[in-house]
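Each remark here refers to the structure printed beneath this line.
The values are calculated or read from the model by the stated rules, or taken from the named source; none is laboratory data. Quick caveat: nothing in here was measured; it's all calculated off a predicted structure. Note: ideal-geometry Cβ built from the backbone for every residue, glycine included; neighbour counts use all protein chains shown.
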Amino acid sequence: MRLSQTFIKTLREAPKDETAVNGALLTRAGYIHKEMAGVYDFLPLGLRVLENIKNIIREELNKIGSEEVLMSALQNPELWERTGRFSDQEVDIWFKTELSAGGVLGLAPTHEEPMVNMVKKYVSSYKDLPFAVYQFQNKFRNELRAKSGILRGREFLMKDLYSFHTSEEDLDRFYAEVEGAYERIFERVGLGDCTYETFASGGIFSKFSHEYQTILPVGEDTIYYNDDYSLVLNKEVFNDEVLAEFGADKSGFAETTGAEVGNIFKLMFKYSEPLGLKFTDEDNATQTVYMGCYGIGVSRLMGVIAEKYADDKGLIWPETVAPFKYYLVGIGEKGLARAEEVYRGREEEILFDDRDARVGEKFADSELMGIPYRVVISDKTLESDSAEVTGRLTGQTSLVKLAELFK
């Protein structure tokens, strides 16, 4: 990408209606555009970050044998009425729309019901199980409050994974595999040292579910952790009865705030029973399919990374999710010509600031955008056939031989 040829422009000040750090910086740096409260467009830079996060998640889920699908956002009320979840009294976050020919459709806040309905067509025997399918899909939730940038949107990108099993033992096996995959995902996106599997309420189906909480000052959840973070609990299950099960008491825990970036849940028969998802076992008896569901808020995760690493100059992206690895600047006639040569053939990893702008403005934008390495080639650095490289995270600058630049 050449900055002189993109329609994106950086802003010196954040819009007055954008109070969240992630929303303000992502807007100023040209990653997102706010349509209205809780609704954002992802511009070229922002879309590249989203795709990088998606690819990491996709790679780890594929490793454990999951398959990717893409389902419709439009929902048939009949399915949801069978589980009692289309009623506004039961689920108060629906966006619903009337058809011109009569009738109502919903915009999916999640996909358990349609997923079960779809796989029913392909499951009849124990030989058809187990399997797991996932998707990256926009969800719609009519949130009462949407004031946290892309941390809480009315439309947001989610990865939702669903698994189907013949037994609870097999569900437990896959559940553990997802736990491992999630640990690798959060490590790879740069949140491994501050994101913890957290015990939360399992509702009426199991004693616990698990959330993945990133410690964050602006997090909406209260969590409690012991000295080495080996036991982390959400406020809703932080009580004497639960702690006794772990041989602990409240005196050994500290309180902090976290942002939930994922969750995993043993659904058991919650949706397979009312929607009639059955299979015939080895003894030719009819059984109900066991289910698990596993979510990651992809756009929310992007917002958490932005919040976690930002400083007073702007964003700081980990290399694994950054839209580009290098922010290239050419100074002087020879420096600009050599920068052109360096750029060619490496367009996918270099953001080339070839604008007719002041050097200080270019440097400020490189910091605001949070690209991991700023590379400056000038007439002066060419005297030693080198480039000046500055790490965005560390702020350290060094001269690197051009021949060694990409090593």
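Remarks
- Of all the listed residues (193, 172, 221), the sole one being farther than 25 Å from residue 61 by Cα and in the same structural domain as residue 295 (by TED's automatic domain parsing) is 221.
- Residues in the stretch 186-199 that are in contact with a His (Cβ under 9 Å, 6 or more places away or on another chain) and buried (at least 22 other Cβ atoms within 10 Å of the Cβ): 198, 199.
- Enumeration of residues in the stretch 117-169 that are among the aliphatic types (A, V, I, L, M) and either over 30 Å from residue 47 (Cα atoms) or in contact with a Lys or Arg (Cβ under 7 Å, 6 or more places away or on another chain) (or both): 119, 123, 129, 146, 150, 151, 158
- Looking only at the stretch 148-177, and only at residues there that are in a strand (DSSP E or B) and of a type in the set (Ser, Thr, Tyr), the one that is farthest from residue 320 (Cα to Cα): 163
- Hits in the stretch 226-275 - residues which are within 30 Å of residue 303 (Cβ to Cβ), touching a residue at least 60 places away in the same chain (Cβ under 8 Å) and of a type in the set (A, V, I, L, M, F, W, C): 259, 261, 264, 265, 267
- Some residue of the stretch 64-73 being more than 24 Å from residue 187 (Cβ to Cβ) and not hydrophobic (A, V, I, L, M, F, W, C): yes
Here's the yes/no breakdown for (1) polar (S, T, N, Q); (2) at pLDDT 95 or above:
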{"position": "240", "(1), (2)": "no, no"}
{"position": "245", "(1), (2)": "no, no"}
{"position": "248", "(1), (2)": "no, no"}
{"position": "251", "(1), (2)": "yes, no"}
{"position": "257", "(1), (2)": "yes, yes"}
{"position": "261", "(1), (2)": "no, yes"}
{"position": "273", "(1), (2)": "no, yes"}
{"position": "279", "(1), (2)": "no, yes"}
{"position": "284", "(1), (2)": "yes, yes"}
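- Taken over the stretch 20-38, the residue count meeting the criterion of being charged (D, E, K, R) and outside any helix (DSSP H, G or I) is 2.
- In this entry, residue 251 passes the filter for residues that are over 25 Å from residue 135 (Cβ atoms) and exposed (fewer than 14 other Cβ atoms within 10 Å of the Cβ).
- Filtering 104, 133 for residues that are farther than 19 Å from residue 271 by Cβ, of a type in the set (A, V, I, L, M) and touching a strand residue (DSSP E or B) at 6+ places or on another chain (Cβ under 9 Å) leaves a single hit, 104.
- Considering 233, 243, the condition of being under 27 Å from residue 271 (Cβ atoms), over 20 Å from the mean Cα position of the chain (by Cα) and either part of a strand (DSSP E or B) or in the same structural domain as residue 257 (by TED's automatic domain parsing) (or both) is satisfied by 233 alone.
- Flag if residue 279 is over 29 Å from residue 184 (Cβ atoms), outside any loop (DSSP other than H, G, I, E, B) and touching a residue at least 12 places away in the same chain (Cβ under 8 Å): yes
- Screening 301, 267 for residues that are part of a helix (DSSP H, G or I) and under 24 Å from the mean Cα position of the chain (by Cα) leaves exactly one candidate, 301.
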